[in-house]
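The values are calculated or read from the model by the stated rules, or taken from the named source; none is laboratory data. Quantities reported herein were computed from a predicted structural model and do not represent experimental measurements. Glycine gets a Cβ as well: all are built from the backbone with ideal geometry, and neighbour counts include every protein chain shown. Heavy atoms of the whole protein, side chains included, go into the accessibility calculation; ligands, DNA and RNA do not. Shrake-Rupley method; radii C 1.70, N 1.55, O 1.52, S 1.80 Å.
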Amino acid sequence: MLLAAPMAVAQGSVQARLLTEDSSLSATRDSVTLRLALSQPVPYRVRLLPAPPRVVLELNTLDWQGMDWPEVAGLRGLRMGHRGDGWARLVLDLAYPMLPETVAQTVQPEDGRAVVELALERAELEAFEARADDESSFAAAYSDHLLHPDAPVRPSRDDPQVLRVMLDPGHGGVDPGAVREGVTEADTVLAFALALQEELLRRSGFKVSMTRTDDSFISLDGRLRAAREARADLFLSLHADALPEGLATGAVVYTLSEDASDETAGLLAARHDRDDLLVGVDLTRNTDDIASVLMSVAWQDTKLRNAALAEALVDGIGAAGLRLHSRPVQSGAFSVLRAPDMPSALLELGFMSSPRDLARLRDPQWRALMARAVADALDLWRVRDTERRALLQR
Ligand SMILES: [Zn+2]
């Protein structure tokens with residue numbers, strides 16, 4: 001295989017190093033997967049060049065030194081070099097047309113290291129050429145994966161970047177939430193919240209608070225106040241409601257909106273507000289509150305972060321192979337989510353009205369799996385959110 005010698009790079013710039021022992025290049029009959037382990041995240045871009053088909057991966061301020069790539073099926077050759085303007089370049093000469101299935105950079109919160117993964121799948125020549133011709137739109141499609149080097153993504157040892165999470169197990173005390181077979185929603189979601197807290201604390205980079213740690217009643221406003229006092233970066237309300245029709249099953253993530261995404265979402269939002277009346281809290285003016293939150297300047301950014309949070313939760317739960325509702329992302333006028341500047345979501349872990357969901361919710365092993373999936377999701381959201389903020393600051 002042809003390997004071009006890396007040229008000298010400009011001195012004085014902060015460079016990411018390729019961690020050769022953790023980097024790999026592998027192939028199957030119809031795919032090639034490249035994993036680059038880096039000492040720190042770098043901006044990068046991918047381009048496709050036609051005739052002959054090539055994939056060009058460029059990474060900013062990366063030193064290629066020391067990597068000895070194996071020969072793999074699917075590639076005629078692989079060349080490394082530097083463009084001289086800070087961009088290091090890797091050219092893959094394809095044996096047949098392939099298109100990127102995955103292009104992603106993930107950052108490990110523990111040590112600030114990054115992995116750039118590029119997975120290529122065999123494709124029709126026509127499809128390849130269509131993408132290769134339109135380089136600008138291709139670059140735009142992957143612009144999410146650009147990461148600015150000045151972004152404060154690398155946690156320092158003394159002052160680690162900690163994500164302060166407020167877990168909010170719903171209901172409690174005089175308000176048991178849904179009740180099935182002698183099991184209350186309040187107890188079920190508290191057991192889950194404790195498992196999730198344990199899982200998050202096992203990982204680094206999380207500080208966890210809870211709105212309640214026993215079977216006591218907290219008003220919706222009290223839950224929000226607790227999040228404020230803890231200066232939470234993220235608010236996650238946990239539920240496992242019952243629905244009258246008994247048909248709902250699987251996890252659903254709700255974010256705040258004025259109008260409910262469907263009848264069920266409207267019902268759940270209204271019911272949770274009504275529960276506050278159990279201790280005489282009047283929320284009749286609450287719809288106005290939500291309207292003013294949705295008009296605030298801060299909300300424009302929070303709305304996007306909420307959508308990303310919901311997406312990450314669905315990705316995490318789906319990746320763990322756990323049951324998701326057929327419409328896993330929904331929205332409604334949930335009072336407890338009405339913080340204009342704090343990313344918030346309400347997660348229905350499942351529905352106690354579904355016998356199958358109920359069996360899962362009662363199973364500590366299932367709860368541990370779900371806790372791991374949600375923790376994965378929060379890790380994922382944190383990386384994506386940091387990348388997005390870095391892009392905005394450019
Ligand atoms: Zn509930």
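Pairs are defined by a Cβ separation below 6 Å, a sequence spacing of at least 6 or placement on different chains, a first member in region 172-196 that is more than 19 Å from ASP376 (Cα to Cα), and a second member that is aromatic (Phe, Trp, Tyr) and away from the ligand (no atom under 11 Å from the Cβ); the pairs so defined are GLY172/PHE217; GLY173/PHE217; VAL174/PHE217; ASP175/PHE217.
Determine whether ALA320 is surrounded by fewer than 19 Cβ atoms within 10 Å (Cβ to Cβ) and modelled with pLDDT of 90 or more. Working first, answer last.
Values: surrounded by fewer than 19 Cβ atoms within 10 Å (Cβ to Cβ): yes; modelled with pLDDT of 90 or more: yes.
Here the answer is yes, as ALA320 does meet what is asked.
Among the residues making up region 228-268, those that are away from the ligand (no atom under 13 Å from the Cβ), part of a loop (DSSP other than H, G, I, E, B) and hydrophobic (A, V, I, L, M, F, W, C) are ALA230, ALA232, LEU247, ALA260. Residue pairs whose Cβ atoms lie under 6 Å apart, sitting 6 or more positions apart in sequence or on different chains, and linking a residue in region 86-114 that is free of Cβ contacts under 8 Å to residues at least 40 places away in the same chain to a partner that is among the basic types (Lys, Arg) and open to solvent by 30 Å² or more (accessible area, probe 1.4 Å), are ARG89/ARG83; VAL91/ARG54; VAL91/ARG79; ALA95/ARG76. Those helices (runs of 4 or more DSSP H) of region 288-394 in which at least 3 residues are under 18 Å from THR188 (Cβ atoms), considering only elements entirely within it, cover 355-362, 364-392. Of all residues in region 37-70, those being among the aliphatic types (A, V, I, L, M), within 16 Å of GLY86 (Cβ to Cβ) and not in a loop (DSSP other than H, G, I, E, B) number 5.
Being surrounded by fewer than 21 Cβ atoms within 10 Å (Cβ to Cβ) and closer than 19 Å to ARG180 by Cβ is not true of THR213. Within region 195-203, not a single residue is in the same structural domain as ASP275 (by TED's automatic domain parsing) and in contact with a Ser or Thr (Cβ under 8 Å, 6 or more places away or on another chain).
Being open to solvent by less than 10 Å² (accessible area, probe 1.4 Å) and not assigned by TED's automatic domain parsing to the domain that holds VAL107 is the requirement here; does LEU361 meet it? Yes: the conditions hold for LEU361.
Being farther than 21 Å from GLU348 by Cα, in contact with a strand residue (DSSP E or B) (Cβ under 7 Å, 6 or more places away or on another chain), at pLDDT below 95 and surrounded by fewer than 20 Cβ atoms within 10 Å (Cβ to Cβ) is true of VAL162.
Look at region 292-308: where a residue is closer than 19 Å to VAL329 by Cα and a partner is aliphatic (A, V, I, L, M), sitting 6+ places away or on another chain with Cβ atoms under 6 Å, you get TRP299/VAL293. Screening ARG202 with (1) within 13 Å of the ligand (Cβ to nearest atom); (2) open to solvent by 30 Å² or more (accessible area, probe 1.4 Å); (3) modelled with pLDDT under 95 gives one miss only, at (1).
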